[in-house]
Structure formats: C-alpha cells, structure tokens
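Asks: After the structure tokens below, expect a handful of questions from me.
The values are calculated or read from the model by the stated rules, or taken from the named source; none is laboratory data. Worth saying up front: this structure is predicted, and the values here are computed from it rather than measured. With ideal geometry, Cβ positions are generated from the backbone for all residues, glycine too; neighbour counts draw on all protein chains shown.
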Amino acid sequence: MSRTIKQADPEPGGKITLQHGLVRSDNYFARFRLAGDSKWRLKSTGSANLAEAEARARDIYWEHRGIRRAGGVLDSVSFGVAAKAWLADFKETTRSKNAHADYTVTIERYLTPYFDGVLLKKIWEISEYDVHQYRKWRNGYWLTGPGSRLKQFKITLNGKTVVKNVPKSWIREPSANTIRNEDIPLKKVFEYARLRNWISQDQIPPIVSPPKEESTRTAFDPRSDHLDILLGCVDDRINDASISAPGKRAVAMSPTIRFQRKVFKVFMNILLMTGIRPGEETRPLKWRDLTHDFVHRNNASGNEQTIEFYLNIRTSKRKNGKESYRAVAVPTRLFVILNQWRDDPDNKFIGADDYILCNPDGTYVKSFNRQFCHLLDECGLTKDVCGIKYEPYSLRHTFATINLAAGVDPWVIAKSMGHADIEMLKRHYGQDSVKHHYEKLAAVFAINAPDRKRNGPDAKKG
C-alpha cells in the first residue's frame, strides 16, 4: 500500500509529496503539482534514500517548471515513442503496404537510433541544429557509422523474417532522392506529435529537403536500331526450339516458358506504344479494359467512320471512394499484337475478367524484370551511352522521347502517361538534350562545313 512520506510547498501554489510503496520498488516517487496548474504528475526519484529522494523531488519540480516556462510540453515523449505511435496509426489508415514498410525501415534503422540513442532528447527539444547533425550522421552511416560494421540485415517479407547480406551499393552516401524520401516520415512524425499535443507548432524544427535531381531518364535512342534489335530478339526467343544457359546443355523449350515469352512480348509492346507504368498499371490490365469507339470524320471522300481502340488504365488515385481510370490510345500495330495474343491457341484466358498479362495458371504476372534483364544480356544492350542500366521503365521513357521528337503536344503525352502536368516531361525526357541535337551541333564544325571566314558577313565581295 502506498503512503505519503513528506509534503512540501516549493513556491506559492506549488505542491510536492513523496510517495512510497506505489510499485514493487524501494524508490520514492515525487507526486507534484506546478503553481497555476491543477494537474498532479508522478515521477520516480530513482532513490531509496529519503534525503536524496527529497532533494531529487525538488529538482524534478523545478525541471518541469523550467520546461513549462520555456514553452515545452510537460507530457512530451521521445522521438521513438512518437514514431512508433504514428506508424501504428499509419498502418491502420493507409492502403499502401509498401509505404508503411519503407517508413518502418527508415524509422527503425536511422531516425530512432539517432534521436533516441545518440541525441538523447525529448521530441520537443529537437532543434534545427539537431536535424543538421542527423544529416551528417546519416551521410556516414554506411561508410564510418553503425552500418559500416554490419555484414547482414533482417527484413520482414510477407510476415517472415529473412536475413540478407548488405549490398555493396549501400556502402556510400545517400543520394538527394534518398534523403528526400527519408524526410517524409521525419516530417510526418513531428506533425503527428503536434496533433497529439506532444509538441507545439513553433517547436517543430525546419526540415529542408534537398531539391529534386534533374536528369534525363534512360530511354532507347529511336534514331538507332536498338529497338529493332530488342523486338526482333523477343520474336526469336519465342520461336527458339530449345533453350540453354552458360555451362549447361541445351534442352527443349517447355510450353510454360514459351507461354511466358509470348506474354513478355505483349508486355514490351504495351509499354513502348502506350507509355503506361510497368507493374502498378500493367498488372491489373484485363481484357475488358480494351475498349473501342466509333468516330465519324469528314475527309476528301466524304463522311468516313473509323474505329479507335483504347486501354482503360486504373490509377492509384481514388475519387469518392471509387477507382479512377484514364484512357490511353492503342495504335493499330499494338491492337494487332493484342488480338493475336487473344487468338493464340496457347492462351486460355480470354474472358472479360481475365488478365491480359497472365501466368499459365491465369494469375497476373507480378514482374517482368528477370526476362527483361535476360533479353538485354542477349542483345548486348544493358546500358545507355551514359553507363546507366536499362530497366522496364526505359520503354515508358522511350514512348515519351519518340512522341516528343515527332512533335506530339507535350500536354497530350503527359496526360496519356498519367502525369498531372508537363513538368515531368521538361525535367526528365531529353527531347532537348545534347544527344538529340548532335547532328545540328556537330554540323557546325564538320569537315565539309563551309569556310566560316570566307562565307561570313565580312567576306570580301567580287
């Protein structure tokens, strides 16, 4: 049973009492109420000695008095506690499991270990300088910090904990894009703490993220024969009678592999001719998403009726709780490929609710990354002229590059690709890059260029 040992009035209106026996501990607890406050608070003195506990109780009182005077929140928590509470709420409200997983890794690997383990401050005490120091610590995490001593790390996939080796690509300073992504949960935790009254608005430190890195996305140069080589190799892989791997004898191609290669051909052409996003927008495609529309146009021969084909692409945005779609044009060449795939005797999944890009069992294909890498290796086209690796997204970028070079309205291209405006096209797709104007730039100083001195405005006449 708890009992009051001693009472004191440190200042007019303030109260302190020493309590003993509250829990299974010999330590005394300070129960106190600040002057001008009606709330009683309880905190351990950390001592079983009465004299020491009495002195510590007075220190606790004046510490909290100073916190309130400085504008701090008396019932504040550590950064780790706030981050854990925010993650729990975010998990209940978000539809993106990947975002929750990414934020969890950032918080548990970087943010909490620094702010709770290195800085040792309550969340309301974290300043702009502390955030700046965190940046330095984070930049050296894998080079000289805690990460430099790690050989393996644990990750949870589908509820199972897996141990993996630390990739060599991690052992470097984080890029501006990485820092910007990691700043998202940092800002969210501070905002969540404000909503929970753990900090006030003016106690949130400024967090300035680095600007976006402007770079041209990897795309296959439409002026070269790279696309013809790739698409030709796709057809050759389907028609091969056998398959082989380095160091192994050739074996007959199984129906399953041939089926997968046919689906991969459809995937390649969809990305190249529509510019939709691989993965999130290709996975849910079903045959009912392939639609058509009859259009009447006036031309020299009179009023002519034509048919136009579209794919309805599900977007990640929702309106009024319902899925939203955007229509992308399907060129005649792509429609022929889709029609051939639907009529293929190997394809049994041609119903309205069947997936266009499906496995032999009818489920959707999660990723084509492995097939894409094998294709690039066979063609010897793994990197662009800048040494950047190609990826399935490169076909989407090629769609933008080809259409921009052809003079298609950038707003139409942006809308088809699912961009909100044309800023992404300006920033990332290189219709104005040096590579795409090489002929014009090089022609000025070409060997057979006209003599600039003799043919210039100052040339002598006659």
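Asks: Might you let me know whether the range 373-380 holds any residue that is in the same structural domain as Arg314 (by TED's automatic domain parsing), among the aliphatic types (A, V, I, L, M) and touching a Ser or Thr at 6+ places or on another chain (Cβ under 8 Å)?
Replies: Yes: the range 373-380 contains one or more residues that are in the same structural domain as Arg314 (by TED's automatic domain parsing), among the aliphatic types (A, V, I, L, M) and touching a Ser or Thr at 6+ places or on another chain (Cβ under 8 Å).
Asks: For the range 188-242, how many residues are among the β-branched types (Val, Ile, Thr) and farther than 30 Å from Leu375 by Cβ?
Replies: Matching residues across the range 188-242 total 5.
Asks: Are any residues in the range 192-205 surrounded by 13 or more Cβ atoms within 10 Å (Cβ to Cβ) and of a type outside the set (S, T, N, Q), and if so, which ones?
Replies: Tyr192, Ala193, Arg194, Arg196, Trp198, Ile199, Ile204, Pro205
Asks: Residue by residue through the range 30-48, note down the ones that are loosely packed, with under 12 Cβ neighbours inside 10 Å and either closer than 14 Å to Pro10 by Cβ or in contact (Cβ under 8 Å) with a residue 40 or more places away in the chain (or both).
Replies: Gly36, the sole residue that qualifies.
Asks: Out of Leu186, Leu143, report the one residue that is among the hydrophobic types (A, V, I, L, M, F, W, C) and in a helix (DSSP H, G or I).
Replies: That would be Leu186, the only listed residue that is among the hydrophobic types (A, V, I, L, M, F, W, C) and in a helix (DSSP H, G or I).
Asks: Considering each of Thr144, Thr161, Thr178 in turn, give the residue that is of a type outside the set (D, E, K, R) and at pLDDT below 90.
Replies: Being of a type outside the set (D, E, K, R) and at pLDDT below 90 holds for just one of Thr144, Thr161, Thr178, which is Thr161.
Asks: Among the residues of the range 362-401, which ones are free of Cβ contacts under 8 Å to residues at least 24 places away in the same chain and within 25 Å of Thr291 (Cα to Cα)?
Replies: Gly362, Thr363
Asks: Check Arg288, Arg277, Arg283 and return the single one that is assigned by TED's automatic domain parsing to the domain that holds Asp361 and assigned to a helix (DSSP H, G or I).
Replies: Arg288
Asks: Can you tell which of Lys187, Lys212, Lys154 is surrounded by 11 or more Cβ atoms within 10 Å (Cβ to Cβ), under 18 Å from Leu111 (Cα atoms) and within 22 Å of the chain's Cα centre (by Cα)?
Replies: Testing whether each residue is surrounded by 11 or more Cβ atoms within 10 Å (Cβ to Cβ), under 18 Å from Leu111 (Cα atoms) and within 22 Å of the chain's Cα centre (by Cα) leaves just Lys187.
Asks: Would you check which residues across the range 390-411 are within 22 Å of Cys373 (Cα to Cα), assigned to a loop (DSSP other than H, G, I, E, B) and over 22 Å from the mean Cα position of the chain (by Cα) and list them?
Replies: Scanning the range 390-411 gives no hits.
Asks: Every residue in the range 226-272 that is of a type in the set (Ser, Thr, Tyr) and either in contact with a strand residue (DSSP E or B) (Cβ under 9 Å, 6 or more places away or on another chain) or not in a helix (DSSP H, G or I) (or both), please.
Replies: Ser242, Ser244, Ser254
Asks: Out of everything in the range 402-411 that is small (Gly, Ala, Ser) and free of Cβ contacts under 8 Å to residues at least 60 places away in the same chain, what residue ends up being surrounded by the fewest Cβ atoms within 10 Å (Cβ to Cβ)?
Replies: So, considering only residues that are small (Gly, Ala, Ser) and free of Cβ contacts under 8 Å to residues at least 60 places away in the same chain, the one surrounded by the fewest Cβ atoms within 10 Å (Cβ to Cβ) is Gly407.
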